[in-house]
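J.: Here's a structure for you.
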Amino acid sequence: MPTQEKAVVINEIQNRFEKCSGIYFTNYQGISVAKITELRDKFREKNVEFKVTKNTLTRIGAENAGYDDLNDILSGMVGIAYSEDDPAAPAKVIREFKKGKKGDLDVLG
């Protein structure tokens, strides 16, 4: 049985999966804190949320929202970019980030 805090996180994740039109899973391993901060700023400019949550909680929240097959994606250091307005906005930010050689950010799905 999840604790109250975990239940709140699961509910938030479920709501994001239900509301967002664009969801991008990334592996951020090996990127410095300064570069991740810069990436988060770029996401904010495009009205994209970038969240890191425990993979297990993300899996449960996604399953509650109807997304069942994320076991292969949710492994390791996963950051998720959520966009409600423009489904391509996270991809544009990620492309620019990678183009500028600011870090190795791998898109997992």
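J.: At a 1.4 Å probe, what is the % contribution of carbon and sulfur to the accessible area of the chain?
T.: 47
J.: Once Rh for the chain is found with the Kirkwood sum over Cα pairs, what is the Stokes-Einstein diffusion coefficient at 10 °C and 1.306 mPa s, in µm²/s?
T.: 112
J.: Would you be so kind as to identify which of Ser32, Asn64, Ala81 lies farthest towards the positive end of the dipole of the chain, taking Lys and Arg as +1 and Asp and Glu as -1 on Cβ and the Cα centre as origin?
T.: Checking the options against the dipole of the chain, the answer is Ser32.
J.: Could you state the accessible area per residue of segment 47-90 in Å², with a 1.4 Å probe and every protein chain left in place?
T.: 51
J.: Give, rounded to the nearest 20 debye, the magnitude of the charge dipole that the chain has about its Cα centre when Lys and Arg contribute +1 at Cβ and Asp and Glu contribute -1 at Cβ.
T.: Dipole size: approximately 500 debye.
The values are calculated or read from the model by the stated rules, or taken from the named source; none is laboratory data. All of these numbers come straight from a predicted model, not from anything done at the bench. When we count neighbours, we look across all protein chains shown, and the Cβ atoms used for this are built from the backbone with ideal geometry, even at glycine. Quick note on the areas: whole protein, heavy atoms, side chains included, nothing else; ligands and nucleic acids left out. Shrake-Rupley method; radii C 1.70, N 1.55, O 1.52, S 1.80 Å.
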